[in-house]
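Undergrad: One structure coming up, written as structure tokens, with questions to follow.
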């Protein structure tokens, strides 16, 4: 057993000072120490997959990030681990606990199976891993192993933490009281019939024209990224593949770490429904430089046009309730252009709900630049700001 500072202090000296994740009783001393200690940032994520995406965004912005969660949540993180950090070569350190360890102390029944398969899952995902150090003498060699592997291979490294690896540490800081606004209201401004609305490509053309090349643009998976590439391939654009629903968490991580850089997240209705909780994180931290654009065509366009359930949803009201500072809604392309010109100059966590119809260019191609190449040039752009 070691104390939290014996690991975290040398980890910080290696640059690991950006932490995110979800709580676990095994991790309690770690999380509490990071919250209490100057020189660390801790972002409480709504789920483990979002934590991976937030850390990936922070990594693009030049931070060295650590994700912490219970092994029960490893399942939630599989998709962004295999299609975001792996695909785009984004090395984050992961610390997962080993609840339900075979032969270990009695644990709750829901941990039994995951305890048996945790390390097998890590190996199946081709993740390099090691057990968390249990003595002070093991800490520096363990961190050196992780540090060198991540730098050489540009991939995550995982520590598996067992029960009582860390001595207890009680949280000293009191959480800041939350601010509640019960007068929240939003009126949607949709004027057109579905078939009269524009499709996605003209929206992306307007966005690229208005915003230029001095903002970071994160395009969600599917046809959104493909169409943006066809409109014009630029170094300030990140085309997410896979990791459905993670674009907002990824962009949020960038926005937090680069407060002087405007970050535009181009989301889709199907993707946002999958991970709506990330909006709560944005509303809580309110990054002044983040614009969240939802292009809502009420369909899963890239998988055949099957309908989503967004026809009767007021995402503007949801964004207001989550705490976004500026909220807009429209289905007029001309009004959308005016909104973009307005928010380009303003500060405040912003949400734009733009209704469109489904449909894309008949011969829509795919980016010829690889995800690894996109990652390198996008990181160069972000870190230069």
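Undergrad: Got a sec? Which helices (runs of 4 or more DSSP H) wholly within region 1-120 have at least 1 residues that are out of contact with any helix residue (DSSP H, G or I) (no Cβ under 7 Å at 6 or more places or on another chain) and closer than 29 Å to residue 261 by Cα?
TA: Values: elements: 4-13, 28-36, 48-60, 74-80.
Qualifying helices (runs of 4 or more DSSP H): 4-13, 28-36, 48-60.
Conditions (1) surrounded by fewer than 23 Cβ atoms within 10 Å (Cβ to Cβ); (2) under 22 Å from residue 284 (Cα atoms); (3) over 13 Å from the mean Cα position of the chain (by Cα), marked per residue:
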site: 1; (1), (2), (3): yes, no, yes
site: 44; (1), (2), (3): yes, yes, no
site: 58; (1), (2), (3): no, yes, no
site: 64; (1), (2), (3): yes, no, yes
site: 78; (1), (2), (3): yes, no, yes
site: 101; (1), (2), (3): yes, no, yes
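Matching residues to (1) part of a loop (DSSP other than H, G, I, E, B); (2) surrounded by fewer than 24 Cβ atoms within 10 Å (Cβ to Cβ); (3) not assigned by TED's automatic domain parsing to the domain that holds residue 239:
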site	(1), (2), (3)
261	yes, yes, no
264	no, no, no
276	yes, yes, no
280	no, yes, no
284	no, yes, no
288	yes, yes, no
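Undergrad: Quick check on residue 136: is it at negative phi and in contact (Cβ under 8 Å) with a residue 60 or more places away in the chain? Reasoning before the result, please.
TA: Working: at negative phi: yes; in contact (Cβ under 8 Å) with a residue 60 or more places away in the chain: yes.
In short, yes.
Undergrad: Using the structure shown, decide if residue 337 is in a helix (DSSP H, G or I) and touching a helix residue (DSSP H, G or I) at 6+ places or on another chain (Cβ under 6 Å).
TA: On the way: in a helix (DSSP H, G or I): yes; touching a helix residue (DSSP H, G or I) at 6+ places or on another chain (Cβ under 6 Å): yes.
Yes: the conditions hold for residue 337.
Undergrad: In a helix (DSSP H, G or I) and out of contact with any helix residue (DSSP H, G or I) (no Cβ under 6 Å at 6 or more places or on another chain): is that true of residue 270 in this structure? So that I can check it myself, show each step before the final result.
TA: Details: in a helix (DSSP H, G or I): yes; out of contact with any helix residue (DSSP H, G or I) (no Cβ under 6 Å at 6 or more places or on another chain): yes.
Here the answer is yes, as residue 270 does meet what is asked.
Undergrad: Go over the candidates 114, 125, 150 one by one and state the one that is over 18 Å from residue 27 (Cβ atoms) and out of contact with any strand residue (DSSP E or B) (no Cβ under 6 Å at 6 or more places or on another chain). Let's see the steps before the verdict.
TA: Working: 114 fails: over 18 Å from residue 27 (Cβ atoms); 150 fails: out of contact with any strand residue (DSSP E or B) (no Cβ under 6 Å at 6 or more places or on another chain).
Testing whether each residue is over 18 Å from residue 27 (Cβ atoms) and out of contact with any strand residue (DSSP E or B) (no Cβ under 6 Å at 6 or more places or on another chain) leaves just 125.
Undergrad: Can you find a residue that is out of contact with any strand residue (DSSP E or B) (no Cβ under 8 Å at 6 or more places or on another chain), buried (at least 16 other Cβ atoms within 10 Å of the Cβ) and on the phi < 0 side of the Ramachandran plot anywhere in region 182-190?
TA: No, region 182-190 contains no residue that is out of contact with any strand residue (DSSP E or B) (no Cβ under 8 Å at 6 or more places or on another chain), buried (at least 16 other Cβ atoms within 10 Å of the Cβ) and on the phi < 0 side of the Ramachandran plot.
Undergrad: Going residue by residue through region 160-181, is there one that turns out to be farther than 16 Å from residue 6 by Cα and at pLDDT 95 or above?
TA: Yes, there is a match, as at least one residue in region 160-181 is farther than 16 Å from residue 6 by Cα and at pLDDT 95 or above.
Undergrad: From the list 360, 329, 302, which one is in contact (Cβ under 8 Å) with a residue 24 or more places away in the chain, in contact with a strand residue (DSSP E or B) (Cβ under 6 Å, 6 or more places away or on another chain) and under 23 Å from residue 228 (Cα atoms)? Break it down into steps so the answer makes sense when it comes.
TA: Numbers: 360 fails: in contact with a strand residue (DSSP E or B) (Cβ under 6 Å, 6 or more places away or on another chain); 302 fails: in contact with a strand residue (DSSP E or B) (Cβ under 6 Å, 6 or more places away or on another chain).
On inspection, the qualifying residue turns out to be 329.
Undergrad: Sticking with this one: Any idea which residue in region 207-230 is nearest to residue 84 (Cα to Cα), counting only those that are touching a helix residue (DSSP H, G or I) at 6+ places or on another chain (Cβ under 6 Å) and surrounded by fewer than 19 Cβ atoms within 10 Å (Cβ to Cβ)? Write out each step before concluding.
TA: Our first condition is that a residue be touching a helix residue (DSSP H, G or I) at 6+ places or on another chain (Cβ under 6 Å); within region 207-230, this holds for 208, 210, 216, 218-220, 222-223, 227-228.
Now narrow it down to the ones that are surrounded by fewer than 19 Cβ atoms within 10 Å (Cβ to Cβ): 208, 210.
Values: 208: 24, 210: 28 Å.
Across region 207-230, the extreme among qualifying residues is 208.
Undergrad: Residue 133: at pLDDT 95 or above, buried (at least 17 other Cβ atoms within 10 Å of the Cβ) and more than 27 Å from the chain's Cα centre (by Cα), yes or no?
TA: Values: at pLDDT 95 or above: yes; buried (at least 17 other Cβ atoms within 10 Å of the Cβ): yes; more than 27 Å from the chain's Cα centre (by Cα): yes.
So residue 133 fits the description; yes.
Undergrad: Looking at (1) under 28 Å from the mean Cα position of the chain (by Cα); (2) in a helix (DSSP H, G or I), which one does residue 186 not meet, given that it meets all the others?
TA: Failed condition: (2).
The values are calculated or read from the model by the stated rules, or taken from the named source; none is laboratory data. Computed from a prediction, not measured in an experiment: that's the story for all the values here. Here the Cβ is made from the backbone with ideal geometry for all residues, glycine too, and neighbour counts use every protein chain on show.
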